[in-house]
Amino acid sequence: MKHMLKSIFRSGKFVAGFAIFAAILLGVLIYPIFVPDPPLKIIAQGTFFEPGIYVSVYDSLSAPTHILNLDEASTKRITSKLSEDDRVAIQKWLVGAGIPEAEIDLANTEQLLEQWFSNYDSTKRVAGMTNADRNYYIRLNTAVTGLLGDEGVSIAVVNPDTGVLEEIGTVLATDYVNVGEVANVRVLPLGTDNFGRDVLTELVAATRVSLQIGLVAGIIATLIGLILGLVSGYIGGFVDDAIMFITNLFTVIPSFVLLILISFSIGQDKRGPFMVAMVIGFTSWVWTARAVRSQVISLRNRDHVNLSKLSGHSITHIILADILPYIASYVVMALILQISSGILAEAGLSILGLGPRTTDMPTLGLMMQWAMIYQAHILGKWWAYFPVIITIAMITFSMNLMNTGLDQVFNPALRE
Amino acid sequence: MASEKKPCLSGRGLTKIFGLGNQKTLAVDHVDFDFYEGEIVSIVGESGSGKTTLAKMLLGLISTTEGEVSFLGKPRDIRSQKKKREYWQNIQAIFQDPFSSYNIFNKIDSVLLDCIRMRGGANLSKEKKVEMMTEACSFVNLKFEELTNKYPFELSGGQMQRLMIARIFLLKPKILLADEPTSMIDASSRATILDYLLKLREETGMTTIFITHDIGLAYYVSDTVYIMEKGLFVESGPAEDVILNPRQPYTKRLLNDVPKIYEEWDLSTV
């Protein structure tokens, strides 16, 4: 046993797969300790907030200010306000107003604004300009005008007695707050989803639930496949024919179709994560049963089995002690593959809207479905679905890697 | 003389057919035989002649297609697990390949303890069991202290086959079926294995059935020889008669195939 574990951990592929899987598992276990929020709590008002650090504006006002005189500050401010579209619009107006196109440099913000302020006249009519365009340029002008000034912004509160606004302070362009000194800062590494939920917290919880679904489905499928394979392979005869008849029936019907039909007929209300795992488990045992059966058939005529029979052991003892250990490595590998395909099957079902119906825990498949329904892929909100895809891919990849590694250890013919 | 001998294991019209329809293979074809108590019988034939299939039928490991086996004059009844166990207390086997005869996950002790349990000694004290195992091992010149807690694959082929004989020593069956017990062993250990087998037979007086392709070995050890070709017994009788005056061409061929030192080997018959 010790020796076997040693040789397993000497296989590079297995170790790589195991490391990835362990990292995912560790993340799933440790993250909730630091962020104990319920995973489906709606924190954002609005959909698909971009990933980033969210600093409370209200708390920044009361945080101690520090004055930093930075040269690029105003340029940066203007650059962030003045979008590429606005620049092109300015250029269009200027060209229409008679400025030669060669003199206009879109990248040089200061020069562009200078040209704009010296030439812009809201009453001037440029050829081919609609009324809507005119209004747009007026709005643009007011937006840009404030940018170059360095006077501060006043903060005022309503006096509850008189109802009059009273200025309580000013914020200058050179005022800074230390993020550490602001009372409320929320990091959303993966932004929020369509319901306004923190995607990372949701993803961690979803990974956990999906792994559980995969584990339950994998164990059920492997157990059914193993028991049927052992019985039909060892006992043979009529029992074998009957079991193989059922197995072949299941092989012919694509298991995913079966999965969809069963999921549908169970009904929305009863379809929790555990039920979905059971349904996946009960439809995916077929290949395990066939593979175990063929291995058992080749084992049952071996001399050590004959010797065990001659020693008066019962069928149960022979199956458990003389057959099972010989196929144990195969069963472990089959279990790993069943777990990973269980996770994939859940994702497939959920995308079709037949996944677990749950309001208190997400699954990887459900996250994909929500992202799809709210068109995250069309709107370019990558953080709502891409991390989910990566997680599913990493889990299945790590498991397949472990499986290949084990295969090489147990099957010396595959060693490089 | 012949009237004193009691048939211990006999078969009438014993047949085994594998497969169905076109793929039917007649492995053993209506063979009749009587193995007498205390005799050493050899079944000789080339590979594929049905020797091992016959052996497995005699052991009750595979079913018979036709015919019946009588054990101690009565038709053999092995329909239930309990009756099989009783039958196997009387008939035991040594297999051809010692390397595949052991469950590699079980320690050597468990192989021997199974035999003690089979003889109804499950409730004996631990010391008594160790004593029995030590005795069995020393019979075949193995040291139990060195073997205990070891796995079968840590032994050499010869040691494994000797352990098999130790197993038979513990079981003391009425009939021993040895299916090519020496074919996987190197020539120098071969004689030792045979010696232990013959010594064991001497002590217990059990009927021994050797299954072999080596007609020289059959002549060396046996009282009665059966020559098997394509599932049929083509010739049988006392070893001296069959081997010194073969009547069938197949027997003559088997005899010619035995390599002899100082003589050119006749390859024309192969």
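The values are calculated or read from the model by the stated rules, or taken from the named source; none is laboratory data. Everything quoted here is computed from the prediction, not taken from an experiment. Cβ placement follows ideal geometry from the backbone for every residue including glycine, while neighbour counts extend to all protein chains displayed. Surface areas here come from the heavy atoms of the whole protein model, side chains and all, with no ligands, DNA or RNA. Shrake-Rupley method; radii C 1.70, N 1.55, O 1.52, S 1.80 Å.
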Is it the case that the stretch B:4-22 has a residue that's open to solvent by less than 20 Å² (accessible area, probe 1.4 Å), out of contact with any Ser or Thr (no Cβ under 9 Å at 6 or more places or on another chain) and assigned to a loop (DSSP other than H, G, I, E, B)? no
Would you pick out the residues in the stretch B:118-129 that are surrounded by fewer than 17 Cβ atoms within 10 Å (Cβ to Cβ) and in a helix (DSSP H, G or I)? B:Lys126, B:Glu127, B:Lys128
Quick one: B:Arg85 ticks every box in (1) part of a loop (DSSP other than H, G, I, E, B); (2) crowded, with 17+ Cβ neighbours inside 10 Å bar one, so which box is it? (1)
If you check A:Leu337 against the conditions, is it assigned to a helix (DSSP H, G or I), within 14 Å of chain B (Cβ to nearest Cβ), hydrophobic (A, V, I, L, M, F, W, C) and open to solvent by 20 Å² or more (accessible area, probe 1.4 Å)? no
Answer residue from the stretch B:117-140, given it is free of Cβ contacts under 8 Å to residues at least 40 places away in the same chain and within 21 Å of the chain's Cα centre (by Cα) and is farthest from the other protein chains (Cβ to nearest Cβ) among those: B:Cys137
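Could you check the stretch A:304-316 and list, in sequence order, the residues that are part of a helix (DSSP H, G or I) and buried (at least 19 other Cβ atoms within 10 Å of the Cβ)?
So the first thing to find is which residues in the stretch A:304-316 are part of a helix (DSSP H, G or I), and the list is A:304-310, A:315-316.
A:His304, A:Val305, A:Asn306, A:Leu307, A:Ser308, A:Lys309, A:Leu310 - these are the residues of the stretch A:304-316 that are part of a helix (DSSP H, G or I) and buried (at least 19 other Cβ atoms within 10 Å of the Cβ).
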Restricting attention to the stretch A:64-87, does a residue exist that is hydrophobic (A, V, I, L, M, F, W, C) and in contact with a strand residue (DSSP E or B) (Cβ under 8 Å, 6 or more places away or on another chain)? yes
Residue match in the stretch A:317-333 (condition: in contact with a Lys or Arg (Cβ under 7 Å, 6 or more places away or on another chain), facing another protein chain (nearest Cβ under 7 Å) and crowded, with 18+ Cβ neighbours inside 10 Å): no
Would you confirm whether or not the stretch B:107-116 contains a residue that is assigned to a loop (DSSP other than H, G, I, E, B) and either without any contact (Cβ under 8 Å) to a residue 12 or more places away in the chain or out of contact with any Cys (no Cβ under 7 Å at 6 or more places or on another chain) (or both)? yes
Would it be correct to say that B:Ile78 is closer than 25 Å to B:Ile40 by Cβ and within 13 Å of chain A (Cβ to nearest Cβ)? yes
Take the conditions within 20 Å of B:Leu163 (Cβ to Cβ) and within 11 Å of chain A (Cβ to nearest Cβ) and apply them to B:Leu147. Does it pass? no
Quick one: would you say B:Lys56 is surrounded by fewer than 16 Cβ atoms within 10 Å (Cβ to Cβ), at negative phi and part of a helix (DSSP H, G or I)? no
Inspect the stretch A:285-295 for any residue being surrounded by fewer than 19 Cβ atoms within 10 Å (Cβ to Cβ), within 14 Å of chain B (Cβ to nearest Cβ) and touching a Phe, Trp or Tyr at 6+ places or on another chain (Cβ under 8 Å) and give the result as yes or no. no
Can you name every residue in the stretch A:340-365 that is among the hydroxyl-bearing types (Ser, Thr, Tyr) and not in a helix (DSSP H, G or I)? A:Thr358, A:Thr359, A:Thr363
Of everything in the stretch A:112-129 that's of a type outside the set (A, V, I, L, M, F, W, C) and open to solvent by 70 Å² or more (accessible area, probe 1.4 Å), which residue is nearest to the chain's Cα centre (by Cα)? A:Glu114
Note: among B:Ser63, B:Ser80, B:Ser100, just one is more than 12 Å from the chain's Cα centre (by Cα) and open to solvent by 60 Å² or more (accessible area, probe 1.4 Å), namely B:Ser63
So, of the residues in the stretch B:230-270 that are open to solvent by 90 Å² or more (accessible area, probe 1.4 Å) and of a type in the set (A, V, I, L, M, F, W, C), which turns out to be modelled with the highest pLDDT? B:Leu244
For the stretch A:158-187, which residues satisfy the criterion of being touching a residue at least 12 places away in the same chain (Cβ under 8 Å), of a type in the set (Asp, Glu) and either open to solvent by 70 Å² or more (accessible area, probe 1.4 Å) or assigned to a loop (DSSP other than H, G, I, E, B) (or both)? A:Glu167, A:Glu181
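Yes/no matrix, rows are residues, columns are (1) under 19 Å from A:Asp59 (Cβ atoms); (2) touching a helix residue (DSSP H, G or I) at 6+ places or on another chain (Cβ under 6 Å); (3) among the polar types (S, T, N, Q):
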| position | (1), (2), (3) |
| --- | --- |
| A:Glu151 | no, no, no |
| A:Ala156 | yes, no, no |
| A:Asn159 | no, no, yes |
| A:Leu165 | no, no, no |
| A:Ile168 | yes, no, no |
| A:Val171 | yes, no, no |
| A:Glu181 | yes, no, no |
| A:Val185 | yes, yes, no |
Restricting to the stretch A:26-82, name every residue that is open to solvent by less than 60 Å² (accessible area, probe 1.4 Å) and over 19 Å from A:Leu200 (Cβ atoms). A:Ser56, A:Asp59, A:Ser60, A:Ala63, A:Ala73, A:Ser74, A:Thr75, A:Ile78, A:Leu82
Determine whether A:Gly281 is at positive phi and either open to solvent by less than 60 Å² (accessible area, probe 1.4 Å) or more than 14 Å from chain B (Cβ to nearest Cβ) (or both). no
